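Here the structure is laid out as structure tokens; the discussion comes afterwards.
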Protein chains: 2
Amino acid sequence: MEKLKGMSAEVKVAWAQACSQGSFENNAEYYLSKCQELAKQGAELIFLPELFLWDYFAIREDMAVFDQAITLDSPTLKPFKECAQLNQLTLFLPIFEKRAPGVYHNTVVAIGPQGEMLDFYRKMHIPDDPCFYEKYYFSPGDTGFKVIATPKLNVGILICWDQWFPEAARLTAMKGADLLYYPTAIAWDQNEPGEIYEEQCDSWRVINRSHSIANGVYSLAVNRVGTQENLTFWGNSQLTHPTGRVMSLLGSEEGSVLMELDPSAVEAHRKAWPFFRDRRIDAYGDLLKRWGDS
Amino acid sequence: MEKLKGMSAEVKVAWAQACSQGSFENNAEYYLSKCQELAKQGAELIFLPELFLWDYFAIREDMAVFDQAITLDSPTLKPFKECAQLNQLTLFLPIFEKRAPGVYHNTVVAIGPQGEMLDFYRKMHIPDDPCFYEKYYFSPGDTGFKVIATPKLNVGILICWDQWFPEAARLTAMKGADLLYYPTAIAWDQNEPGEIYEEQCDSWRVINRSHSIANGVYSLAVNRVGTQENLTFWGNSQLTHPTGRVMSLLGSEEGSVLMELDPSAVEAHRKAWPFFRDRRIDAYGDLLKRWGDS
């Protein structure tokens, strides 16, 4: 990226992790207030956790929950659009999207500084584990991998389970992302032994750091916190530098962060560790297979 | 893998990290002795560092060095083959391979319990940085990604720079590897500021852990130690469990490790974290491109 002389290279990014506040309306109110607060502090981009308006409903399969989904142009998003416009910032809003009767997605909507929808991304990799019954609710995304160009930072959007797939990080970086944003809802399960909790959270933090390292990009995971039945969402929202260094790490309580990033660190790091130069694209064909026997 | 009743599931694996001993002959003697020692302790598989018989010659471009390369059937390997046969074990020997006049590779030769060459792998991703002039010496590998089936453990072979490419780990895991083995020669450069040393080593350890996590495999990096001109090889040879947990970590001194692994942990972990189920192979086509603009 060529820089104009005298133009600040830094961009102020912010994110918040919280418990579900008990209802859709309460969550909307809580996070709108949080966005306004961070905007006043100078945030230019704000990132929220996965499905920020909802309890983590995928804890069970419940047909009634489909009625809680909202459309891309839902009036619920209007006050957030106004906040973005008033403060000239970009907001990333992870929603439960109703696309059509019987077609639902786990989606991030990006709202730009004119209050307009810049673009959206539908979660490509859908998990399904006990108490994370997401395949019941969400069709796999068909948007492909997405990068949102904002004035100072190109943001790649990926969602939670996507973070376990190096392919997704790579493809999004190759579209020009400076930062990979992973809104997340990941939890410890009280049905599992407590002694593996630390290891699970650590592996999650490591895989997020690895995306920075392999791709020379910032990586930001924004998780929720709080306990819902047997699930305790572990927070630990984390930002890593293109080197993989941890720049910010929250704990397991509610909290928010506002900090400055230097987008030029992406290019600087890739000059030092030039991995993109050496990818063996002639030998990667089998990545398009399910397994090595086919 | 189905297990025969009463058959031990554990496999004893061993590795050693050392300084270059000053000459090709000294290194051959040192590592042969080390292999014999580890064999006596019951090792079933032994893993050595990258280019274990040589100083790290790629620190400069020197035409005379090509004469130090050896062929796949070099007599230098004979005592190692005898050691493998005598002790009924499998040895992984990283060599500077002369394939033909003007065609050289950075290669691992796998020697089986009958003293026979089981297979070989030629480094696919070749680095080139100041003091790591490997593109001068090594043609990029044309073996593709390789897994060596041994009686209790399927070993995927990758070499040093390969470890920064999640594609290589994924493709090797998809060929059935239980363990990814990365012989390595990675160093701190005294021409770089010392305050980034810890960060560099940490990023390297994180990327190796990430291959375990993303692929549900053991990952073993075996580095050299010692200082050669401005390069200090940082050791830190590390084994990680399929969860990403660090099972063994050496320091920056010479050392060796012998430990038991349970290959069934691979399948057990993949049942808990079923990433291979959910790869979006319909959406990964652009991984075969150099960059997102083409």
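Residues being under 15 Å from the mean Cα position of the chain (by Cα), in contact (Cβ under 8 Å) with a residue 60 or more places away in the chain and either within 12 Å of chain B (Cβ to nearest Cβ) or part of a helix (DSSP H, G or I) (or both) are represented in the stretch A:159-182 by at least one member.
Please report, ordered by residue number, the helices (runs of 4 or more DSSP H) entirely within the stretch B:191-294 with at least 2 residues that are within 11 Å of chain A (Cβ to nearest Cβ) and among the basic types (Lys, Arg).
Answer list for the stretch B:191-294: B:197-215.
Among the numbered conditions (1) within 25 Å of A:SER248 (Cα to Cα); (2) assigned to a loop (DSSP other than H, G, I, E, B); (3) under 18 Å from the mean Cα position of the chain (by Cα), the only one that A:ASP55 does not meet is (1).
Does A:TRP204 fit the bill of being within 17 Å of A:PRO127 (Cα to Cα), open to solvent by 10 Å² or more (accessible area, probe 1.4 Å) and touching a Phe, Trp or Tyr at 6+ places or on another chain (Cβ under 9 Å)? Spelling it out, it is not the case that A:TRP204 is within 17 Å of A:PRO127 (Cα to Cα), open to solvent by 10 Å² or more (accessible area, probe 1.4 Å) and touching a Phe, Trp or Tyr at 6+ places or on another chain (Cβ under 9 Å). Would you confirm whether any residue within the stretch A:211-221 is within 24 Å of A:ALA14 (Cα to Cα) and open to solvent by 10 Å² or more (accessible area, probe 1.4 Å)? No, the stretch A:211-221 contains no residue that is within 24 Å of A:ALA14 (Cα to Cα) and open to solvent by 10 Å² or more (accessible area, probe 1.4 Å).
Considering (1) more than 13 Å from every other protein chain (Cβ to nearest Cβ); (2) open to solvent by 30 Å² or more (accessible area, probe 1.4 Å), the lone condition that A:LYS135 does not fulfil carries the number (1).
Output yes when any residue across the stretch A:52-69 is open to solvent by 20 Å² or more (accessible area, probe 1.4 Å), at pLDDT 95 or above and among the small types (Gly, Ala, Ser), and no when none is. Yes, the conditions are met somewhere in the stretch A:52-69.
Do the conditions hold for A:LEU118, that is, is it in contact with a strand residue (DSSP E or B) (Cβ under 7 Å, 6 or more places away or on another chain) and aliphatic (A, V, I, L, M)? Yes; evaluated as a whole, the condition is true for this residue. The condition (being among the hydrophobic types (A, V, I, L, M, F, W, C) and open to solvent by less than 40 Å² (accessible area, probe 1.4 Å)) is satisfied by just one residue among B:TRP273, B:TRP234: B:TRP234. The residues of the stretch A:89-122 that are open to solvent by 20 Å² or more (accessible area, probe 1.4 Å), assigned to a strand (DSSP E or B) and within 15 Å of A:ALA149 (Cβ to Cβ), listed by number, are A:MET117, A:LEU118, A:ASP119, A:PHE120.
The values are calculated or read from the model by the stated rules, or taken from the named source; none is laboratory data. As the structure is a prediction and not an experimental result, all values here were calculated from the model. Every residue, glycine among them, receives a Cβ derived from its backbone with ideal geometry; neighbour counts consider all protein chains shown. Please note that ligands, DNA and RNA were not included when accessible areas were found on the heavy atoms of the full protein model with its side chains. Shrake-Rupley method; radii C 1.70, N 1.55, O 1.52, S 1.80 Å.
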